[in-house]
Amino acid sequence: VSYVASEDPDNQHFSVDGVDVTEAIRGHEVSSSVSAIAKHPLVRQGLVDHFRNVIAACERPGIVMEGRDITTVVAPDAPVRVLLTADEDTRIARRLAEVAGTASAPSVAQALSSRDRSDQSVVDFMNAAPGVTLLDSTPLTFDETVRELLRIIAITKETA
């Protein structure tokens, strides 16, 4: 299986065996299945190894990764580690906007709650580990969140 992920933040795309899966991986069907698959130790270790290889192969001076255990398991020694959170209502609203009419509010809420419960048995994703900066984006717009992340990165670089 060949997997390709763009490192260009202005042109994000993902493909598997030459098939563009960019939209599909953000869909409700995939998101609602992630926990059931990722909780298997061999799958988790394979993903951790893959993500570490992506980091090692990155040609740019840094990389942004998302995932509930990136800061603690995948890249615990990264120079900047941020736990980006939001309250449940905000996360549901943002997820509904992402799936744009392909799922109902109740199904999104149920899937999010179910995934949270399932993931809590595998990783503590709601509390920042030592050395990880917590950023609650509940009251922030996307642009405000990006500005705050850039501020955190700048401060971290200054103190390093």
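The values are calculated or read from the model by the stated rules, or taken from the named source; none is laboratory data. As the structure is a prediction and not an experimental result, all values here were calculated from the model. A quick note on method: Cβ atoms are made from the backbone with ideal geometry, for glycine too, and the neighbour counts reach across all protein chains shown.
Observations
- Remark: pairs (first residue in region 43-62, aromatic (Phe, Trp, Tyr); second residue surrounded by 10 or more Cβ atoms within 10 Å (Cβ to Cβ) and in a helix (DSSP H, G or I); Cβ separation under 8 Å; 6+ apart in sequence or on different chains) = 51/70; 51/74.
- Residue 33 over 16 Å from the mean Cα position of the chain (by Cα) and surrounded by fewer than 16 Cβ atoms within 10 Å (Cβ to Cβ): no
- All conditions in (1) surrounded by fewer than 17 Cβ atoms within 10 Å (Cβ to Cβ); (2) more than 21 Å from residue 36 (Cα to Cα) hold for residue 149, with the sole exception of (1).
- Which numbered condition residue 85 fails, given (1) closer than 28 Å to residue 158 by Cβ; (2) touching a helix residue (DSSP H, G or I) at 6+ places or on another chain (Cβ under 6 Å); (3) of a type in the set (S, T, N, Q): (2)
- Positions within region 7-24 being surrounded by 12 or more Cβ atoms within 10 Å (Cβ to Cβ), within 16 Å of the chain's Cα centre (by Cα) and under 23 Å from residue 97 (Cα atoms), in sequence order: 13, 14, 22, 24
- With respect to (1) more than 20 Å from residue 48 (Cβ to Cβ); (2) part of a helix (DSSP H, G or I); (3) not charged (D, E, K, R), the lone exception for residue 73 is condition (1).
- Condition met for residue 116 (modelled with pLDDT of 90 or more, assigned to a helix (DSSP H, G or I) and acidic (Asp, Glu)): no
- Members of region 93-109 found to be under 15 Å from the mean Cα position of the chain (by Cα) and either hydrophobic (A, V, I, L, M, F, W, C) or surrounded by fewer than 18 Cβ atoms within 10 Å (Cβ to Cβ) (or both), listed by number: 94, 98
- Of all residues in region 76-99, those being among the charged types (D, E, K, R) and part of a loop (DSSP other than H, G, I, E, B) number 3.
- Boolean, residue 143 is at pLDDT below 75, of a type outside the set (Gly, Ala, Ser) and surrounded by fewer than 15 Cβ atoms within 10 Å (Cβ to Cβ): no
- Pairs where the first residue, in region 22-38, is closer than 25 Å to residue 11 by Cα and the second is among the polar types (S, T, N, Q) and at pLDDT below 80, C-beta under 6 Å, 6+ apart: 28/102
- Counted residues, region 13-64 - those being within 21 Å of residue 82 (Cα to Cα) and part of a loop (DSSP other than H, G, I, E, B): 6
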